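Laboratory data are not the source of any read-out in this text; all were calculated from the coordinates shown. What you are looking at is a predicted structure, and each value in this text was computed from that prediction instead of being measured. Note: ideal-geometry Cβ built from the backbone for every residue, glycine included; neighbour counts use all protein chains shown.
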Amino acid sequence: MWQTGVTREAERVLGGNPEATGLRFEVDGEIATITLDRPEKRNAQTFALWSELTRIGNNLPEQVRVVVVRGEGPSFSAGIDLSMFGSLQPGSDLDSSIAEFQRGFLWLRRPDIVSIAAVQGHAIGAGFQLALSCDLRIVADDVKFCMKEPALGLVPDLTGTKPLVDLVGLAKAVDICLTARVVEAEEALRLGLAERVVPRDELATAVKEKTAQLLSVDRAAATATKRLLQGATGRSLEEQCAAERAEQVLRIRALNGG
Ligand code: CAA
């Protein structure tokens, strides 16, 4: 159902080891697919997985325009591998360690790509945050988002709090995080957490359709537009108009060969 693509090229470029990291990486032309591939552990995420995500981001083949993040099996991801708990000691440089983990999630917002999370079943903690790191979320009707960190005495620290607030607003974000409750498909769609809800067996097709739509527009214009949109909330109207002009001048010059 999911395209497997040019795995060998991806391995050559990245040298990844899916058995050690629990991640599979495939490239097919302009589309890259990252698969969390430890379904027997509900795609629980390890430090090795987060390092591998960073490595994939650093080595993403230049032709890639769309990155699909998906999980094998019944759940997108059950969050951090609970066996990792306790391995970060208070005496160590925790800030640097967490910054390192966050790098694996941050690059998915790069303006030159569009990232799509294809989410089925549970997306808990780090799983929810990985989905939030993507530009778009297409979800199956059995999706269960849960920000469980506060229930475990922790905060969500894998770059998920900002996109959550941007998407659903502060009050809903407080409600979702501070109760650690489950958000199901209908609510996710209503809140803007999901772009589309489809039956579970149509998830791959829905992602394929969205990918084709995204690839149908000009790449340089898409990159410039994403940059503009990403900066919009941080700018005044006047500043945003100036940013639009600056990007458009570059586009017009490029289209006229100069
Ligand atoms: N870490 C390690 N192993 C996990 C795991 C996790 N997060 N989640 C599930 N597994 C393992 C189970 O231990 C089980 O392994 P065995 O077969 O060897 O016993 C296997 O995956 C299947 O699990 P279930 O039988 O529980 O599967 P299920 O489909 O009935 O339930 C689930 C799925 C609801 C996700 C449930 O497994 C669950 O609640 N898991 C824990 C979720 C969790 O608390 N995650 C941490 C969130 S906090 C975070 O991610 C961020 C942070 O930095 C703190």
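Data table
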read-out	value
Tilt relative to the chain, helix 237-255 - C-alpha long axis, 0 to 90 degrees, to 10	60
Rg in Å to one decimal, and Dmax rounded to a whole Å, for segment 77-169 via C-alpha atoms	13.7, 43
Alpha-carbon Rg/Rh ratio, for segment 114-258, with Rh computed the Kirkwood way	1.05
Proxy reagent accessibility, fewest Cβ within 10 Å first, across Met84, Met147	Met84, Met147
In degrees, nearest ten, helix 219-232 long axis to first principal axis of the chain (Cα)	70
Equivalent ellipsoid dimensions for segment 55-127 as semi-axes, Å, which come from the Cα gyration tensor, largest first	25, 19, 8
Loop sites in segment 132-239: GluC sites (Glu not before Pro), DSSP, at most 16 other Cβ within 10 Å	Glu195
Ratio Rg/Rh, restricted to segment 8-215 and using Cα atoms, in which Rh is the Kirkwood radius	0.94
Per-peptide average of other Cβ atoms within 10 Å, ordering 149-160, 29-40 highest first	29-40, 149-160
Protection proxy ranking of 86-94, 138-146 - average other beta-carbon atoms within 10 Å, highest first	138-146, 86-94
Largest to smallest principal axis extent of the C-alpha atoms in segment 133-190, angstrom	30, 20, 20
Cα long-axis angle, helix 203-215 against the chain (0 to 90 degrees, to the nearest 10)	30
Theoretical ellipticity at 222 nm over the chain - DSSP helices of four or more residues, -39500 (n - 2.57) apiece, nearest 500	-13500 deg cm²/dmol
Local net charge near Thr233, Cβ-Cβ under 15 Å (Lys/Arg +1, Asp/Glu -1)	0
Bridge type composition, segment 8-215 - antiparallel percent by DSSP, nearest 5	30
Which listed pairs, of Lys148/Lys172; Lys162/Lys226; Lys144/Lys172; Lys41/Lys208; Lys41/Lys144, have C-alpha distances above 23 Å, in listed order	Lys41/Lys208
Zero-based 5 Å bins, Cα pair distances in segment 183-227, whole percents	5, 18, 17, 20, 18, 13, 7, 0
